[in-house]
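Engineer: Below you'll find the structure I mean.
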Amino acid sequence: MAIAERGYTHWPGSLEGGRRPWRVLEDFQEMLKGADKFLHINPAYFQAYYGSSFLIFMMLMIMVGSGSGLIADDLRHNSLPLYFSRPLRKRDYVGGKFGALAFFLLLLTLVPGILFILLKLLFAGSFAFLADYPWLPFSFIGWSVFISSFFSLYTLLLSSLGRNRRYAAILMVAAYFLSDVFFGIFYGIFHEPAFCLISVQMNLRQLSAAFLGAKPQFDVPWIYSFLVLSAVMVAAVLVLRRKIRVAEVIR
Amino acid sequence: MIPGGLAVRADKLGKWYGNVLGLSDVSIEIRPGITGLLGPNGAGKSTFMKLITGQLRPSIGTVTIDNQPVWNNPEIFRRVGFCPEQDAFYEDTTGREFLSGLLGLSGYSAAEVRDRSDRALAFVGLEDAADRLIRGYSRGMRQRLKISQAIAHEPDILILDEPLNGLDPLSKRKVIKLIKDYRTEGRTVLVSSHVLPEIEALTQSIVLVHQGKILAEGDIHYIRDLIDAHPHVVAVKTGDGRGLAAKFVGEADVLSVRFDETEGTVLFETRNRDRFFERLTRLAADEGLDVEEITSPDDNLQSVFDYLVGK
Amino acid sequence: MNIELRDVQFSYGPVKALDGVTLQIGEGACGLLGPNGAGKSTLLKVLLGFLRPDTGEGLVLGHDIRKDSFGIRRVVGYMPEDDCFIPGLDAVAFTALFGELSGMPRAEAMKRAHDVLYYVGLGEARYRNLETYSAGMKQRLKLAQALVHDPKILFLDEPTANLDPQGRTEILELIADISSKKDIHVLISSHILTDIEQTCGSLVILNKGKVAAQGELAALREVRFSLYELKAKGETGPFLEALRHGECRVEETEDGIIKIYLPEAMGRRDVFRLAEESGIQIRHFVKSRTSLEDLFARTVGVD
């Protein structure tokens with residue numbers, strides 16, 4: 001039987017020796033909560049990212065900076081015979097060039113998408129997000145692959161047209177923006193949304209909206225945009241098959 | 001205009017591009033006949049040719065033709081024909097149009113332009129192809145067209161920069177013959193080439209440029225004789241090489257004797273060719289020896305070039 | 001036989017570049033000659049499998065040119081005619097890249113790249129950017145990449161084009177050294193006849209897509225009758241007179257070479273005897289062979 005003493009009491013334990021820096025991260029959980037509010041990672045977020053002009057601009061920079069010379073430089077310096085005097089097929093060569101460029105473009109498209117998903121899962125601490133939007137990973141992966149392939153082929157196509165990488169770079173930017181300018185002019189005059197099919201940028205936006213479940217800007221079925229862009233890709237493959245040859249026809 | 005007899009003279013001629021040396025302190029006289037101009041890349045051959053043709057202004061010194069300075073002197077330009085190394089054609093004109101256009105620039109009347117271009121085209125053997133587009137010309141035809149523009153005004157001095165480059169053996173033959181034909185009319189022809197046997201096929205008289213200076217000029221064999229550092233090598237092919245060698249080892253002018261058993265030859269190095277050959281001719285006439293071949297492997301332009309420029 | 005072709009035809013549209021080429025190429029170095037447009041480059045490209053022949057069969061070291069062009073490319077090193085390199089690389093990376101493309105492991109390709117660069121004389125320049133290379137160095141670099149995977153046959157297309165005399169000599173010496181090895185063979189296409197003369201033991205001459213001549217160089221140049229060329233120092237008049245008196249046909253060329261057709265009754269010694277009697281020195285004396293240029297002109301049939 002004892003009566004507890006009131007007032008100040010001692011702590012009977014003993015202090016441990018080590019330091020505990022991680023406890024400083026006490027705030028982290030708070031931050032996570034805040035970030036979760038801030039990063040509203042939902043389909044709209046993906047739509048905004050993949051449809052942004054900034055993303056496309058960055059991709060164009062990569063294409064102009066490192067893609068324009070991929071084939072033009074080889075043509076300029078006559079290095080095709082060197083490659084093809086090795087056991088190498090045309091498709092190995094084009095595939096290698098395609099892969100190198102697509103890798104960098106995927107860094108801008110696929111990798112951020114995956115990061116968004118991972119962060120969302122991390123912050124939310126549950127898979128509810130994926131359960132809510134089970135199609136989202138597929139659509140952004142699909143879109144990343146599509147746009148990267150399209151831009152890679154577009155770059156290789158224009159790079160193979162001449163022996164000068166600067167012309168290729170100018171062509172790439174010019175074809176991209178001029179098609180947009182023409183669209184702007186025609187649309188301004190006729191107010192016909194179908195003109196969006198002549199603009200590379202508008203086609204990409206229409207299609208990205210379709211892939212990611214957003215409402216397209218123009219009331220034109222996305223399948224047409226898909227066909228237009230696919231036609232460019234097929235044309236690129238055909239031109240590359242013609243242009244990549246070791247033996248020039250001698251007059 | 002009376003052809004022939006004009007000398008090109010350079011006096012202490014030098015040319016710099018900024019601080020890059022083109023040519024330094026060159027004094028030379030090039031007389032009528034064919035002269036070969038040779039040297040390693042960057043030695044100053046093209047600079048020299050451009051100075052003679054008045055395309056460059058000397059940094060120092062003078063170039064004169066017939067005692068008149070070349071720079072900015074259209075009267076002299078009329079007497080000089082130049083065939084540059086690079087191809088620069090308007091591909092969509094015909095050979096005849098190209099040539100008459102250039103002749104027109106020289107200020108001839110229309111009739112004379114026609115007359116002269118006909119003659120020049122006939123001289124280089126392009127009369128049949130004259131009305132085809134240059135686009136379809138082979139390398140040999142392009143080269144001959146370039147030569148035709150250099151000779152169309154019948155210059156006394158013809159300067160040809162690498163006229164044989166990239167031609168196949170038959171086209172080379174034609175061009176060499178053209179150059180020799182032009183020479184026999186008593187004019188001065190200066191030809192540069194990287195392929196030494198081709199120079200030898202054209203002429204025995206050379207100018208060797210190296211590091212912006214003239215290293216040697218004159219007859220190839222004369223220059224060879226002047227190179228004391230390398231005694232002459234004579235190769236003799238005979239059934240009894242050692243027997244022949246034995247007859248020479250006692251001679252003071254023979255510096256070394258070597259046997260090349262794969263070729264079956266004896267190689268003698270001699271300081272005095274006259275004595276050596278005199279003795280060799282006598283020995284070959286003797287009963288004991290059967291001399292099959294006598295050659296001088298280092299008495300040619302390649303050796304002169306190697307000895308002077310160094311490898 | 002290293003290379004065998006039977007009735008190979010190839011056309012660029014209506015233009016027949018190769019018109020029934022049948023040839024055998026054996027050991028050592030072989031020269032490939034022909035006027036422009038004779039089909040030399042086309043032939044090399046057919047041999048490498050870049051171009052498929054329209055008709056005809058061919059084997060390169062036992063690999064069928066139609067079916068096994070990859071097999072061919074593993075054993076062949078090709079040095080193209082044009083200047084070619086990849087900007088931004090140094091010589092080691094460049095050479096190793098092509099070793100890897102040929103199927104060498106990365107580390108081996110790197111090691112081998114250093115070896116071949118030393119061999120072609122680019123050892124000191126091997127870390128420099130290729131864009132700074134001179135014409136001669138680019139030519140050696142092309143040779144290095146052709147050698148990097150240790151091929152059994154080398155195809156060299158105009159290896160001395162655009163080189164100055166030193167550059168030519170050096171490349172020709174390298175080629176001669178390579179082809180002196182027993183187990184590596186060389187096929188050289190060139191416009192410069194003296195290059196072929198210096199390096200090759202056998203020869204193929206193409207003209208208008210057909211084989212105009214092929215065989216050993218020495219045999220092709222052989223002259224049957226006894227024709228000698230000589231140069232003499234001294235007063236040659238009496239000497240020539242004496243020769244003509246002995247029923248020799250004598251010709252003098254403009255560069256001072258005297259050509260003598262000896263009748264059967266006379267031997268070489270008689271020539272020297274007459275020279276000694278006339279008091280002149282014979283400084284040059286060879287049995288005349290058809291010059292490669294004459295051989296070329298004759299087989300190609302112009303002039």
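Values in this text are rule-based calculations from the coordinates and carry no lab data. Note that this is a predicted model, so its numbers are computed, not measured. Heads up, the Cβs are rebuilt from the backbone with ideal geometry, glycines too, and the neighbour counts pull from every protein chain shown.
Engineer: Separation between the C:Glu235 and B:Arg135 pseudo-spin-labels, each 7 Å from Cα along Cα→Cβ, expressed in nm?
Structural biologist: Inter-label distance under the simple model: 6.7 nm.
Engineer: Right, next: Taking B:Lys177 as the anchor, which lysines have their alpha carbon closer than 17 Å to its alpha carbon, excluding any fewer than eight residues away along the same chain?
Structural biologist: Once the sequence-local lysines are set aside, what remains near B:Lys177 is B:Lys146.
Engineer: Using only Cα atoms, find the angle between the long axis of helix C:165-180 and the longest principal axis of chain C, and express it within 0 to 90 degrees, rounded to the nearest 10.
Structural biologist: It is inclined by approximately 80 degrees.
Engineer: Distance between Cα centroids, the range C:158-179 to the range A:130-163: provide it in whole Å.
Structural biologist: 50 Å
Engineer: Hey, another quick one. Going by a ≥ b ≥ c, the root eigenvalues of the Cα gyration tensor, does the range A:41-243 fall in the rounded group (a/c under 1.5), the prolate group (a/b larger than b/c) or the oblate group?
Structural biologist: Values: a/c = 2.35, a/b = 1.36, b/c = 1.73.
In terms of gyration-tensor shape, oblate.
Engineer: Just want the ordering: A:Phe129, B:Phe305, C:Phe10, from fewest to most Cβ atoms lying within 10 Å of their own Cβ.
Structural biologist: Numbers: A:Phe129 16, B:Phe305 27, C:Phe10 23.
So the ranking, lowest neighbour count to highest, is A:Phe129, C:Phe10, B:Phe305.
Engineer: Let me ask you something else. Calculate for chain B the 222 nm mean residue ellipticity that helices alone would give, adding -39,500 (n - 2.57) per DSSP H run of length 4 or more and normalising by residue count, nearest 500 deg cm²/dmol.
Structural biologist: Working: 11 runs with 110 residues, N = 311.
Rounded to the nearest 500, it is -10500 deg cm²/dmol.
Engineer: Using Cβ contacts closer than 10 Å as the measure, can you line up A:Arg242, B:Arg279 from fewest to most? Walk me through the numbers before you get to the answer.
Structural biologist: On the way: A:Arg242 8, B:Arg279 17.
Least crowded to most crowded, the residues run A:Arg242, B:Arg279.
Engineer: For peptide C:272-281, what's the mean number of Cβ atoms from other chains within 10 Å of each residue's Cβ?
Structural biologist: Numbers: counts 11, 6, 1, 5, 7, 1, 1, 2, 3, 10.
Per-residue shielding by partner chains comes out at 5.
Engineer: Give me the percent relative contact order of the range B:227-309, please, defined on Cα pairs under 8 angstrom at least 6 residues apart.
Structural biologist: Numbers: 113 pairs, mean separation 34.1, N = 83.
Rounded, it is 41 percent for the range B:227-309.
Engineer: Sticking with this structure for a sec: Nearest-5 percent of antiparallel DSSP beta bridges in the protein assembly as shown?
Structural biologist: Details: 74 of 108 bridges.
Here the antiparallel bridges make up roughly 70 percent for the protein assembly as shown.
Engineer: Using 1/(1 + (r/R0)^6) with R0 = 30 angstrom and r between the beta carbons of A:Ile185 and A:Val239, what's the FRET efficiency to the nearest 0.05? Present the calculation step by step, with values, prior to reporting the outcome.
Structural biologist: Details: r = 27 Å, r/R0 = 0.92.
Computed FRET efficiency for A:Ile185 and A:Val239 comes out at 0.65.
Engineer: State whether the protein assembly as shown is rounded, prolate or oblate according to the following rule on the C-alpha gyration tensor (a ≥ b ≥ c being the square roots of its eigenvalues): a/c under 1.5 gives rounded; otherwise a/b larger than b/c gives prolate, and the remaining case gives oblate. Display every interim value, and only then the final one.
Structural biologist: Numbers: a/c = 2.42, a/b = 2.00, b/c = 1.21.
Here the protein assembly as shown falls in the prolate category.
Engineer: Points 7 angstrom from Cα along the Cβ direction at C:Glu277 and B:Asp260: gap in nanometres?
Structural biologist: So the label points at C:Glu277 and B:Asp260 sit 3.3 nm apart.
Engineer: Let me ask another. Name the shape class, rounded, prolate or oblate, that the alpha-carbon gyration tensor gives for the range C:227-287, where a ≥ b ≥ c are the square roots of its eigenvalues, rounded holds for a/c under 1.5, and otherwise prolate holds if a/b is larger than b/c and oblate otherwise.
Structural biologist: On the way: a/c = 1.39, a/b = 1.14, b/c = 1.22.
It is rounded, given that a/c, with a ≥ b ≥ c, falls under 1.5.
Engineer: How crowded by other chains is C:44-50, given as the mean number of beta carbons from other chains within 10 Å of each beta carbon? Walk me through the numbers before you get to the answer.
Structural biologist: Working: counts 3, 6, 1, 0, 5, 4, 7.
The shielding value for this peptide is 4.
Engineer: Related question: Among the listed pairs B:Lys15/B:Lys180; B:Lys12/B:Lys50; B:Lys12/B:Lys213; B:Lys15/B:Lys172; C:Lys45/C:Lys152; A:Lys243/C:Lys45, give every one whose C-alpha distance is greater than 22 Å.
Structural biologist: Values: B:Lys15/B:Lys180 31 Å; B:Lys12/B:Lys50 16 Å; B:Lys12/B:Lys213 10 Å; B:Lys15/B:Lys172 32 Å; C:Lys45/C:Lys152 17 Å; A:Lys243/C:Lys45 17 Å.
Among B:Lys15/B:Lys180; B:Lys12/B:Lys50; B:Lys12/B:Lys213; B:Lys15/B:Lys172; C:Lys45/C:Lys152; A:Lys243/C:Lys45, the Cα-Cα distance tops 22 Å for B:Lys15/B:Lys180; B:Lys15/B:Lys172.
Engineer: Moving on to the next point. Rank by packing, highest mean first: peptides B:253-266, C:225-238, C:276-289, with packing defined as the count of other Cβ atoms within 10 Å averaged across residues.
Structural biologist: Details: B:253-266: 13.8, C:225-238: 16.1, C:276-289: 18.4.
Those peptides, ordered most packed to least, come out C:276-289, C:225-238, B:253-266.
Engineer: Here's something else I'd like to know. In terms of Cα to Cα distance under 21 Å, which lysines are near enough to C:Lys287, apart from those fewer than 8 places away along the same chain?
Structural biologist: Leaving aside lysines fewer than 8 places away in the same chain, those within reach of C:Lys287 are B:Lys237, C:Lys231, C:Lys233, C:Lys259.
Engineer: A further question follows. Which helices pass in chain A if a helix is a full DSSP H run, must span at least 24 angstrom along its long axis by Cα, and must have mean Kyte-Doolittle hydropathy not below -1.0? Mind dumping the intermediate values first?
Structural biologist: Details: long enough: A:90-124 (48 Å, 1.53); A:136-159 (34 Å, 1.52); A:165-190 (37 Å, 1.33); A:222-243 (31 Å, 1.55).
Once both thresholds are applied, what remains is A:90-124, A:136-159, A:165-190, A:222-243.
Engineer: Between B:Ser106 and C:Tyr12, what's the calculated FRET efficiency when r is the beta-carbon distance and R0 is 51 Å? Round to 0.05. List each step's numbers first, then the result.
Structural biologist: Details: r = 41 Å, r/R0 = 0.80.
Given R0 = 51 Å and the Cβ-Cβ separation, E is 0.80.
Engineer: What ranking of C:His191, A:His10 emerges when the number of other C-beta atoms within 10 Å of each C-beta is taken as an exposure proxy, fewest first? Show your work: numbers first, answer last.
Structural biologist: Details: C:His191 25, A:His10 5.
By the 10 Å Cβ count, ascending: A:His10, C:His191.
Engineer: Let me ask something else about it. Return a whole-number percent for the relative contact order of chain B, with Cα pairs under 8 Å and 6 or more residues apart as the contact set. Please list the in-between numbers first.
Structural biologist: Numbers: 557 pairs, mean separation 60.1, N = 311.
Normalised by residue count, the contact order of chain B is 19 percent.
Engineer: Quick one: Debye curve from the C-alpha atoms of the range C:104-164, no solvent, what's log10 I(q)/I(0) at q = 0.18, 0.27 Å⁻¹?
Structural biologist: Normalising to I(0) and taking log10 leaves -0.66, -1.23.
Engineer: Quick check on chain B: of the DSSP beta bridges with both residues there, what percent are antiparallel, nearest 5%?
Structural biologist: Details: 37 of 54 bridges.
In chain B, approximately 70 percent of DSSP beta bridges are antiparallel ones.
Engineer: Still on this structure, please answer the following. Considering Cα pairs under 8 angstrom that are at least six residues apart, work out the relative contact order of the range C:7-61 and quote it in whole percent. Display every interim value, and only then the final one.
Structural biologist: Values: 56 pairs, mean separation 23.4, N = 55.
For the range C:7-61, the relative contact order is 43 percent.
Engineer: At 222 nm, what value in deg cm²/dmol follows for chain C if DSSP H runs of at least 4 each add -39500 (n - 2.57) and the sum is divided by all its residues, to the nearest 500? Let's see the in-between values first.
Structural biologist: On the way: 11 runs with 110 residues, N = 303.
When only DSSP H runs of four or more count, the value is -10500 deg cm²/dmol.
Engineer: What residue among A:Ala72, A:Ala131, A:Ala209 has the largest mean-square fluctuation in a Gaussian network model of chain A, using Cα springs under 10 Å?
Structural biologist: Highest fluctuation among the options: A:Ala131.
Engineer: Next question, about the same structure. Can you give me the Cα centroid spacing of the range C:181-260 and the range B:84-148 in angstrom?
Structural biologist: That distance is 36 Å.
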